[in-house]
Amino acid sequence: MMREVFARRFGRAMEEDPEQRSGTWPDLVLIDGGKGQMSAVRETLLELGIDDVPLIAVSKGPDRNAGREVFHFPDGREKTLPLNSPVLFHLQRLRDEAHRFAIGAHRAKRSRAISASPLDEIPGIGPARKRALLLHFGTAGKVRAAALDDLQRAPGVSAAVAQAVYDFYHPAA
């Protein structure tokens, strides 16, 4: 995933501004992860012909304790900062915010996927009719298998809507 993100981001930057004059190129790339993430990013950038963007990877230190982060440099060096360092505190907050954002986006995507249904693809079926059909038939598969008469008997479903659902699943040959 890291390779994909960096290939897209820097591939686009190379197309739009190969001379790095527009100010859209980063002064520093801070990578959330250790040596493995660093090597994936370095390899991707080198494949694109980019070798002048400074990289630093940040990993949690021994026992994955916050406050004991290790900074990994492309040449293999590692550095830690004092526990009371304002820079360390700031970087921890940046990382935590990035994690919060990513987790929130993942939860929203999962929530949409959970509530998604094949019924969403039928024109004219909104949340209320979808709910009515699912309450009456139990599953989207049973809605699909229902006869036109059964669809018409579902509460909140008009004859026209029943016909639209039936036609969606049983297109005329």
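Bear in mind these aren't lab numbers, they're just calculated from the coordinates by the rules spelled out. Bear in mind that the values here come from a model prediction, so they are computed numbers and not experimental data. Cβ placement follows ideal geometry from the backbone for every residue including glycine, while neighbour counts extend to all protein chains displayed.
Here the Debye sum runs over all C-alpha atoms of the chain as equal scatterers in vacuum, and log10 of I(q)/I(0) at q = 0.15 Å⁻¹ comes out as -0.85. When the alpha carbon gyration tensor of the range 2-101 is reduced to an equivalent ellipsoid, its three semi-axes come out at 26, 14, 12 angstrom, largest first. Cβ crowding within 10 Å, taken as a proxy for footprinting-reagent exposure, orders MET14, MET1 from fewest neighbours to most as MET1, MET14.
Of ARG42, ARG110, ARG144, which has the largest mean-square fluctuation in a 10 Å C-alpha GNM of the chain? Taking springs between Cα atoms under 10 Å, the residue moving most is ARG144. Would you mind classifying the range 118-169 by shape? Square roots of the alpha carbon gyration tensor eigenvalues, ordered a ≥ b ≥ c; an a/c under 1.5 is rounded, otherwise it is prolate if a/b is larger than b/c and oblate if not. Rounded shape, in that the Cα axes give a/c under 1.5. Here the label points at PHE73 and ALA98, each 7 Å from Cα along the C-beta direction, are separated by 2.0 nm in the simple model. Pairs of Lys residues in the chain that lie 8 or more places apart, or on two chains, and have C-alpha atoms under 23 angstrom apart add up to 5.
Placing +1 on the Cβ of every Lys and Arg and -1 on the Cβ of every Asp and Glu, with nothing else charged, gives the range 105-173 a dipole about its Cα centre of roughly 500 debye. The range 50-94 and the range 117-173 have Cα centres separated by 55 Å.
Working from label points 7 Å from Cα in the Cα-to-Cβ sense, the HIS106 to ASP63 distance is 2.5 nm. In debye, nearest 20: dipole of the chain around its Cα centre with unit charges on the Cβ of K, R (+) and D, E (-)? The dipole magnitude comes to about 920 debye.
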